[in-house]
Amino acid sequence: YAYLGLAPAAGWDRLEALVIEITYGHFDVGVRDLLTCQHLARVTELHLCNARPRDQTRQALATALPLGRLRKLGLAYGEVTPAIAAGIVQSPALLALTELDLSRNDLGDEGAAALAECPQLSRLTVLNLSGVRLTDRGLRRLIASPYLTGLRELDLSNNPQLSAAGVR
């Protein structure tokens, strides 16, 4: 955690929300350890903004057992591809997830299909897919998903390839 200027301290075991915004580059140094830190067992909200995780950190996020209480996950403005999104959201550590922000990532229709086919997202009520290059085809996959029926808020803004017919 030294790289991030963080160290487990008194009170960390009560931490419920964690926001890490990366101003440039990759965040691998220290974040892998932080994601698996037992002091974060109560975290229900995690936002990794501008994150460009490499393979080992992606794996740490997907298997972060201490994050089993996570309700909100934000990975906006990163380099989350369809394969990365599928690997992360299929994690058993995210079964309680109710809000997911994947905005401004390169997901496209393939990423939408990965989300639509993921039973781990059955508790999701909020999904932000703003600016992910979604088309009508991807939107149809999301709408037809048996796992996303609990959605109450779906942000599709900044997807210029969506047509009026696709949104109806």
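The values are calculated or read from the model by the stated rules, or taken from the named source; none is laboratory data. No experiment lies behind these values; they were computed from the predicted model shown. Because the Cβ atoms are built from the backbone with ideal geometry, glycine has one as well, and the counts that use them run over all protein chains shown. SASA here: full protein model, heavy atoms, side chains in, ligands and nucleic acids out. Shrake-Rupley method; radii C 1.70, N 1.55, O 1.52, S 1.80 Å.
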Q | All positions within the stretch 116-132 that are surrounded by fewer than 19 Cβ atoms within 10 Å (Cβ to Cβ) and assigned to a loop (DSSP other than H, G, I, E, B) | A | Glu117, Ser122, Arg123, Thr125, Ser130
Q) Among all residue pairs at least 6 apart or on different chains, which show Cβ distances below 7 Å where the first residue, located in the stretch 96-115, is within 26 Å of Gly68 (Cβ to Cβ) and in a strand (DSSP E or B) and the second is open to solvent by 20 Å² or more (accessible area, probe 1.4 Å) and of a type in the set (D, E, K, R)? A) Glu99/Arg71; Glu99/Lys72
Q) Of the residues Val89, Val80, Val126, which is closer than 23 Å to Val43 by Cβ and modelled with pLDDT of 90 or more? A) Val126
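Going by what's in this entry, would Leu65 be described as closer than 20 Å to Glu16 by Cβ, modelled with pLDDT of 80 or more and not charged (D, E, K, R)?
For Leu65, the condition - closer than 20 Å to Glu16 by Cβ, modelled with pLDDT of 80 or more and not charged (D, E, K, R) - is not met.
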Q: Residue by residue through the stretch 136-168, note down the ones that are among the polar types (S, T, N, Q) and open to solvent by less than 30 Å² (accessible area, probe 1.4 Å).
A: Ser145, Asn159
